[in-house]
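What follows is a short report on a single structure.
Readers should treat all values here as calculations from the given coordinates under stated rules, not as data from a laboratory. Here the structure is a predicted model, which means the values were calculated and not measured. All Cβ positions, glycine included, derive from the backbone under ideal geometry; neighbour counts span all protein chains shown.
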Amino acid sequence: MYIIIVGGGNIGEYLVNLLIKEGHSIVVIEQDEEKAQRLAENYDILVIHGDGSEVRYLEDANIRKADVLVAATGNDQINFVACQLAKSTYKVPKVVARTTNVANKIIYENLGVDVVVSTTEVAALALYSGVKGFSTVIPLGPDVGLIQFIVGKNSPVANRYLRDIHLPWGSTVVMIYRKGEVIIPRGDEVIKPGDTVTVVAKKTVESKVREIMVGK
């Protein structure tokens with residue numbers, strides 16, 4: 001895919017790392033000259049020094065060819081304008097936006113942005129996961145979430161058949177990840193230490209699920 005990333009800070013650079021490994025064509029537009037120069041020196045990609053919310057720099061990045069535009073700066077105004085141009089003017093098939101303000105997600109969604117990520121929300125959820133004893137929490141709706149646990153050797157479910165693990169009503173194991181392999185759970189599957197177990201659960205039973213999976 002041909003992907004334009006607006007913003008070459010820490011998040012933008014990390015994304016470049018991930019996408020290059022998959023063989024995508026990447027262009028980065030970065031307003032800070034020092035950051036732009038560093039990216040150009042460290043990666044075999046086109047880096048444009050400029051404001052990604054301005055048409056001339058988007059045109060320089062050949063936005064008409066883009067399959068995806070990612071607005072990843074720490075400035076919501078730049079991100080919003082870049083997304084607006086990508087969606088309304090250039091009809092980019094997929095637009096992804098970062099926002100630092102959870103309240104702004106609805107504005108991006110109303111614009112038609114395909115994926116909106118609130119870095120504040122992501123950080124808060126990661127901290128919440130740690131407090132609750134989960135490795136990951138992803139909300140799927142107001143009352144339900146996707147929870148991941150890494151099974152320790154002392155976990156109550158370690159080395160037990162899945163059919164013998166009785167989760168509360170409103171929760172179910174949907175996937176097991178083991179040594180690079182995705183396992184669709186069946187009753188005769190044994191949960192092993194080191195497994196990452198994914199559970200979909202209602203918020204009202206999250207604490208009970210945690211107790212069963214990792215102990216008190």
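Okay, here's what the table says:
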{"quantity": "Spatially near lysine pairs across the stretch 2-119, Cα under 17 Å, sequence gap of 8 or more or different chains", "calculated": "5"}
{"quantity": "Dipole magnitude of the stretch 133-214, debye to nearest 20 (Cβ charges: Lys/Arg +1, Asp/Glu -1, about Cα centre)", "calculated": "120 debye"}
{"quantity": "Inter-part distance where the stretch 156-170 and the stretch 34-65 are each reduced to a Cα centre, Å", "calculated": "51 Å"}
{"quantity": "Theoretical FRET efficiency, 1/(1+(r/R0)^6), r = Cβ-Cβ of His166 and Val115, R0 45 Å, to 0.05", "calculated": "0.80"}
{"quantity": "Compactness of the chain - radius of gyration and Dmax, Cα, Å", "calculated": "21.0, 62"}
{"quantity": "Computed helical MRE - 222 nm, the chain, DSSP H runs ≥ 4 contributing -39500 (n - 2.57), nearest 500", "calculated": "-9000 deg cm²/dmol"}
{"quantity": "The stretch 2-119: Rg to Rh, with Rh as the Kirkwood radius over Cα pairs", "calculated": "0.93"}
{"quantity": "Loop sites in the stretch 1-101: trypsin sites (Lys or Arg not before Pro), DSSP, at most 15 other Cβ within 10 Å", "calculated": "Lys91"}
{"quantity": "Qualifying GluC sites (Glu not before Pro) in the stretch 1-70, DSSP loop, other Cβ atoms within 10 Å at most 14", "calculated": "Glu22"}
{"quantity": "Fraction of antiparallel bridges per DSSP, the chain only, in percent to nearest 5", "calculated": "50 percent"}
{"quantity": "Unit charges on C-beta of K, R, D, E only; dipole of the stretch 2-119, Debye", "calculated": "440 debye"}
{"quantity": "The chain - charge dipole about Cα centre, Lys and Arg +1 at Cβ, Asp and Glu -1, debye rounded to 20", "calculated": "1100 debye"}
{"quantity": "Projected label distance in nm at Thr196 and Arg38, using a 7 Å step from Cα toward the beta-carbon", "calculated": "2.7 nm"}
{"quantity": "Kirkwood Rh, angstrom, the stretch 133-214 [1 / mean 1/r, Cα pairs]", "calculated": "12.5 Å"}
{"quantity": "Of the chymotrypsin sites (Phe, Trp or Tyr not before Pro) in the stretch 135-209, those whose Cβ has at most 11 other Cβ within 10 Å and which sit in DSSP loop", "calculated": "Trp169"}
